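See structure below.
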Amino acid sequence: MRICHDQFEIRTQGKGTYEITGEIQEKIDKNGVRSGTVTIFIQHTSCSLIVMENADPTARKDLEEFFERLVPEDSDYFMHTAEGGDDSTSHIRMVLTRTSETVPIIDGKMQLGTWQGIFLFEHRRAPHRRKVCVTTIGQ
Amino acid sequence: MRICHDQFEIRTQGKGTYEITGEIQEKIDKNGVRSGTVTIFIQHTSCSLIVMENADPTARKDLEEFFERLVPEDSDYFMHTAEGGDDSTSHIRMVLTRTSETVPIIDGKMQLGTWQGIFLFEHRRAPHRRKVCVTTIGQ
Amino acid sequence: MRICHDQFEIRTQGKGTYEITGEIQEKIDKNGVRSGTVTIFIQHTSCSLIVMENADPTARKDLEEFFERLVPEDSDYFMHTAEGGDDSTSHIRMVLTRTSETVPIIDGKMQLGTWQGIFLFEHRRAPHRRKVCVTTIGQ
């Protein structure tokens, strides 16, 4: 049993979902863990982590539109607006989604279902560099 | 320290919450892990995982009704509708809830609180077979 | 590789967010785990766990107000009201947020981002004693 810590950076170009399944599997391949778990952890409070359907891009478009309507930028009660209209909305959308996920690894592969992909969900309008931690535990 | 991977299937009969606490504890019992963690992972994008009050069924009825209203099937902006009115709503409700949870195990038992149960939350109208991964790490 | 189970209690004084980052790091320090993961697990169904911006208190005020509006106490379809108007809303807000999170530990420290804090999100009006489980796996 051993623990491997890795990290990678993803550059986002505004709001939207960015698939990171390949980057995570690459870290597992590099470490050579055959049986265990991988924990993905996002080190930010204005973007988040989701597992999502990765076949039809319209599924993600609908998801993004849903969040625009659920947590609208122009909410009149927002006080935390120092960084703009997407400041409080970013944190709230992050809380409504996820910061960490743990996925089983068997035979060196993440045990994702057929339609599951792992995505970084960017909630900021401006481009950002986002750090993703990948921790594998196993043998 | 060792890792055990298990899986079980649950047949759902339309939208709703299905308790799976017993099935998960059975896998832990079978593996004989006394101290460690269990990670539950759902391999689907149109159902999800929740921890929920498991004593009074009306608590879950209210939760289900809340999600029907929060993510209504007839939203006019949905583009991802190939599989019906419950297609995009299923993915969005899944993202708003959870795909994995990790629970401590002490003395061979999941350390759930008095009122906590673990449920699969089915977001599809039609019956489905759902796969749940159960990974225990411990000794 | 070893597993350490700890628990602490936090007394809440009504609805709101209560930072517990320090209490969690204390348990890691006590156990002496230098490299691994920590899983935080909340043993309740009417409060929840969130990672949130911990610098500007107005960010959390906006979040709390958002949840008051998203899941209002006076919803006319609620059936689960035995414990008051905050009964069903507590469970629903819990499901929309989180019960467990897993965070990497490197050099004995949780790998949180600059602005990330870990909070217990209390959904009940009355004061409560809340139990938080802290499980570290590592070496």
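Some values worked out for this structure:
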item: Inter-copy spacing of residue C:8 label points, which lie 7 Å from Cα along Cα→Cβ, given in nm from shortest upward; result: 3.5, 3.5
item: Residue among C:121, C:78, C:41 with the largest mean-square fluctuation in a Gaussian network model of chain C, springs linking Cα atoms under 10 Å; result: C:78
item: Chain B, rotation onto C, residue closest to that axis via Cβ, with its distance in Å; result: B:1, 3
item: The protein assembly as shown, dipole about Cα centre (Lys/Arg Cβ +1, Asp/Glu Cβ -1), debye to the nearest 20; result: 1760
item: Pair residue B:75, residue C:75: separation of 7 Å Cα→Cβ label points (nm); result: 1.6
item: Residue B:82-residue C:29 pseudo-label distance in nm [points 7 Å out on the Cα-to-Cβ vector]; result: 5.4
item: Estimated FRET transfer efficiency when R0 is 41 angstrom, pair residue B:8-residue C:58 (beta carbons, to 0.05); result: 0.35
item: Quotient of Cα Rg and 2.2 N^0.38 Å for the protein assembly as shown, N being how many residues it contains; result: 0.90
item: All Cα pairs of the stretch A:26-73, percent lying beyond 17 Å; result: 59
item: Label 7 Å beyond Cα on the Cβ vector: residue B:74 copy-to-copy distances, nm; result: 2.6, 2.6
item: Where the Cα pairs of the stretch B:12-139 fall when distances are cut into 5 Å bins, in %; result: 2, 10, 20, 21, 18, 12, 9, 5, 3, 1, 0
item: Whole-Å distance, taken between Cα centres, linking the stretch A:1-46 and the stretch C:76-103; result: 31
item: Set of lysines near residue A:109 by C-alpha distance (under 19 Å), chain-local residues within fewer than 8 positions excluded; result: A:27, A:30, B:131
item: Mean separation of Cα contacts under 8 Å (6+ apart) over length of the stretch B:1-114, as relative contact order %; result: 39
item: Residue-averaged 222 nm ellipticity for chain A, from DSSP H runs of 4+ at -39500 (n - 2.57), nearest 500; result: -8000 deg cm²/dmol
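Bear in mind that the values in this text are calculations on the coordinates, not laboratory data. All of these numbers come straight from a predicted model, not from anything done at the bench. All Cβ positions, glycine included, derive from the backbone under ideal geometry; neighbour counts span all protein chains shown.
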